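K.L.:
Sharing a structure below in structure tokens format, with a few things to ask.
The values are calculated or read from the model by the stated rules, or taken from the named source; none is laboratory data. Here the structure is a predicted model, which is why all the values come from computation and not from measurement. No Cβ is skipped: glycine too gets one built from the backbone with ideal geometry, and neighbour counts run over all protein chains shown.
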Amino acid sequence: MTAARQQTDPEHIAISKSKGIHIDWKDGHHSVYTLAWLRDQCPCAVCTGAHGTAPQKTSFSEPRQSSPFQMYKPAPKMLNVEAVGNYAIRIFWNDGHDTGIYTYEHLRGICPCEECRRAD
């Protein structure tokens, strides 16, 4: 198995619908994704603005601004998660969103750990 392939192949995935996803990768790296981060990093066409449309990104992982008129926004929660072949997972969110296919390559690319952020 090549080093590049080991980077995007999970050894173990632990899913908590109330907390997030932890992935141990075959190359020894460990990634922890919060629900807010995963929802904000949805790779679907609507969220990324594919096909010339405006991106519909969420901002759950950004600090909330203090405003007396801020609308209440429920925190993201996973209702269900399903495997997509041997290359991805699909998350069903409490806001009705369910079109994002989170490939393992995408998940490794959005790893929020300090080591990965420094590499960007």
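K.L.:
Quick test for you: out of ARG117, ARG90, pick the one residue that is of a type in the set (Lys, Arg), more than 14 Å from the chain's Cα centre (by Cα) and not in a loop (DSSP other than H, G, I, E, B). Please lay out each step first, then the result.
P.N.:
Details: ARG90 fails: more than 14 Å from the chain's Cα centre (by Cα).
The unique qualifying residue is ARG117.
K.L.:
Give the residues of region 70-120 that are among the hydrophobic types (A, V, I, L, M, F, W, C) and within 13 Å of ARG39 (Cβ to Cβ), sorted by residue number. Please lay out each step first, then the result.
P.N.:
Quick first cut of region 70-120, residues among the hydrophobic types (A, V, I, L, M, F, W, C) only: 71, 75, 78-79, 81, 83-84, 88-89, 91-93, 101, 107, 110-111, 113, 116, 119.
Correct list: ALA75, MET78, LEU79, VAL81, ILE91, PHE92, TRP93, ILE110.
K.L.:
Scan region 49-56 and tell me whether some residue there is under 16 Å from the mean Cα position of the chain (by Cα) and either among the charged types (D, E, K, R) or at pLDDT 95 or above (or both).
P.N.:
No, region 49-56 has no match at all.
K.L.:
Starting from residues that are among the aliphatic types (A, V, I, L, M) and touching a helix residue (DSSP H, G or I) at 6+ places or on another chain (Cβ under 7 Å), keep the ones in region 7-64 and report whichever is nearest to ASN86 (Cα to Cα). Show your work before the answer.
P.N.:
Our first condition is that a residue be among the aliphatic types (A, V, I, L, M); within region 7-64, this holds for 13-15, 21, 23, 32, 35-36, 38, 45-46, 50, 54.
After this cut, where a residue has to be touching a helix residue (DSSP H, G or I) at 6+ places or on another chain (Cβ under 7 Å) as well, the list is 21, 23, 45.
Working: ILE21: 17, ILE23: 15, ALA45: 21 Å.
Among those that are among the aliphatic types (A, V, I, L, M) and touching a helix residue (DSSP H, G or I) at 6+ places or on another chain (Cβ under 7 Å), it is ILE23.
K.L.:
Okay, next question. Could you please give the count of residues in region 93-105 that are in contact (Cβ under 8 Å) with a residue 12 or more places away in the chain, under 17 Å from GLN56 (Cβ atoms) and either of a type outside the set (Ser, Thr, Tyr) or buried (at least 17 other Cβ atoms within 10 Å of the Cβ) (or both)? If you could, list the steps in order and put the result at the bottom.
P.N.:
Here is the first cut: in region 93-105, the residues in contact (Cβ under 8 Å) with a residue 12 or more places away in the chain are 93-95, 97, 99-105.
Still in the running and under 17 Å from GLN56 (Cβ atoms): 93-95, 97, 99-102.
Cutting the leftovers down to either of a type outside the set (Ser, Thr, Tyr) or buried (at least 17 other Cβ atoms within 10 Å of the Cβ) (or both) gives us 93-95, 97, 100-102.
Adding up the residues that qualify gives 7.
K.L.:
Now, a different point. What's the number of the condition PRO43 fails, among (1) in contact (Cβ under 8 Å) with a residue 12 or more places away in the chain; (2) not in a loop (DSSP other than H, G, I, E, B)?
P.N.:
(2)
K.L.:
Is it the case that region 71-92 has a residue that's among the hydroxyl-bearing types (Ser, Thr, Tyr) and exposed (fewer than 12 other Cβ atoms within 10 Å of the Cβ)?
P.N.:
Taking region 71-92 as the starting set, the residues that turn out to be among the hydroxyl-bearing types (Ser, Thr, Tyr) are 72, 87.
If we keep only those that are exposed (fewer than 12 other Cβ atoms within 10 Å of the Cβ) too, we end up with 72.
Among the residues of region 71-92, at least one is among the hydroxyl-bearing types (Ser, Thr, Tyr) and exposed (fewer than 12 other Cβ atoms within 10 Å of the Cβ), which makes the answer yes.
K.L.:
Answer yes or no as to whether GLN6 is at pLDDT below 95 and in a loop (DSSP other than H, G, I, E, B). Outline the logic, then answer.
P.N.:
Numbers: at pLDDT below 95: yes; in a loop (DSSP other than H, G, I, E, B): no.
For GLN6, the condition - at pLDDT below 95 and in a loop (DSSP other than H, G, I, E, B) - is not met.
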